1. Would you please state the base-10 log of I(q)/I(0) at q = 0.16 1/Å for segment 155-235, with intensities from the Debye formula using one equal scatterer on every alpha carbon?
2. Relative to the longest principal axis of the chain, what angle (0 to 90°, nearest 10) does the C-alpha long axis of helix 183-247 take?
3. Using the Kirkwood formula on the Cα atoms of segment 127-189, what hydrodynamic radius do you get, in angstrom to one decimal?
4. Compute a Gaussian network model of the chain, connecting alpha carbons closer than 10 Å, and tell me which residue from Gln25, Gln219, Gln130 fluctuates the most.
5. Once phi is turned into ³J(HN,Hα) by the Karplus curve 6.51 cos²θ - 1.76 cosθ + 1.60 with θ = phi - 60°, what whole-Hz value does each residue of segment 7-20 show in order, with x for glycine and proline?
6. Given Lys2/Lys138; Lys30/Lys64; Lys145/Lys189; Lys22/Lys97; Lys118/Lys138, which pairs have Cα atoms separated by over 23 Å?
7. Keeping all protein chains in place, calculate the accessible area per residue for the chain (probe 1.4 angstrom), answer in Å².
8. Once phi is turned into θ = phi - 60°, what whole-Hz ³J(HN,Hα) does the Karplus curve with 6.51, -1.76 and 1.60 give for every residue of segment 111-126, x standing for Gly and Pro?
Amino acid sequence: MKLNIANPESGTQKTFELNDDKAVQRLVDKRVAQEFDGGLLGEAYEGYIFRITGGSDKQGFPMKQGVLVNSRVKLLLDRGVIGYQAWRGRVGERNRKSVRGCIVGGDISVLNLIIVSKGKQDIPGVTDAQNPRRLGPKRASNIRKLFGLEKEDDVRKYVIRREVERAGKTHSKAPKIQRLVTPVTRQRKRAKRAMIQARREGATEQRNAYYNQIRKRTQLAQLRKKSETTRKAIATAQKEKQAAKAQK
């Protein structure tokens, strides 16, 4: 079995071969996200605490969290999850894919571990080295989190810049901050809300004016109909009187 050990603090990771069969047997029946003492793997890892983050079996099928078996199963998966690559299939499509359960067994070929607590000895290439990130955070909330800033602090002053040489000249580059809230963005948001409110009020006024006009036309039509009925009744009464006079 191979152990892929990563150190989040230094950003390093390295793969080691675990040839001790007894140590492999001690890992059996452990689950993804479970922590264990590094002494189970040998004296070189004493004092360490590792957390299992994943792995794959000998055929390359990845371990999936929540599948509580120590074998391979077929599940109906969405695109982009473990076991079904995002670029395969179509949008909204689900496929039945084979994944490995989250319980460690004898068929696991690679087990991914991260260091939770460091032990006495250094692990070569993992705890005795540093691999800093080439680029700094880009999102405003992540920059605040990195430097411990408050909401009132200006994030633009804390962007991590890097030097780039191009055509014999050195240029300073910085990423465009994402989700940055400035007075200009607030003003645009207020203007947009005011525009939407004005449109809503204008639509309400137009609708009311339309219904008022319809109501007036209906009332005029009713008055015309009533006057026409009255005129016809008067004319009929006059004809009846004239007919009665003619008979006498």
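1. One equal scatterer on each Cα of segment 155-235 leads to -0.85.
2. Value to nearest ten degrees: 20.
3. Values: mean 1/r = 0.0722 Å⁻¹.
Over segment 127-189, the inverse of the mean reciprocal pair distance is 13.9 Å.
4. Of Gln25, Gln219, Gln130, the most mobile in the Gaussian network model is Gln219.
5. In residue order, the calculated couplings are 10, x, 5, 9, x, 10, 8, 7, 9, 10, 8, 9, 9, 7 Hz.
6. Numbers: Lys2/Lys138 34 Å; Lys30/Lys64 13 Å; Lys145/Lys189 25 Å; Lys22/Lys97 33 Å; Lys118/Lys138 30 Å.
Table pairs above 23 Å Cα-Cα are Lys2/Lys138; Lys145/Lys189; Lys22/Lys97; Lys118/Lys138.
7. Value returned for the chain: 75 Å² of accessible area per residue.
8. Taking θ as phi minus 60°, the curve returns 10, 8, 10, 10, 7, 8, 9, 7, x, 6, 8, 7, 8, x, x, 10 Hz for segment 111-126.
The values are calculated or read from the model by the stated rules, or taken from the named source; none is laboratory data. Because the structure is a prediction, the values reported are computed rather than measured. Every residue, glycine as well, gets a Cβ built from its backbone with ideal geometry; the counts of neighbours run over all protein chains shown. Ligands, DNA and RNA are excluded from the accessible area calculation, which covers all protein heavy atoms including side chains. Shrake-Rupley method; radii C 1.70, N 1.55, O 1.52, S 1.80 Å.
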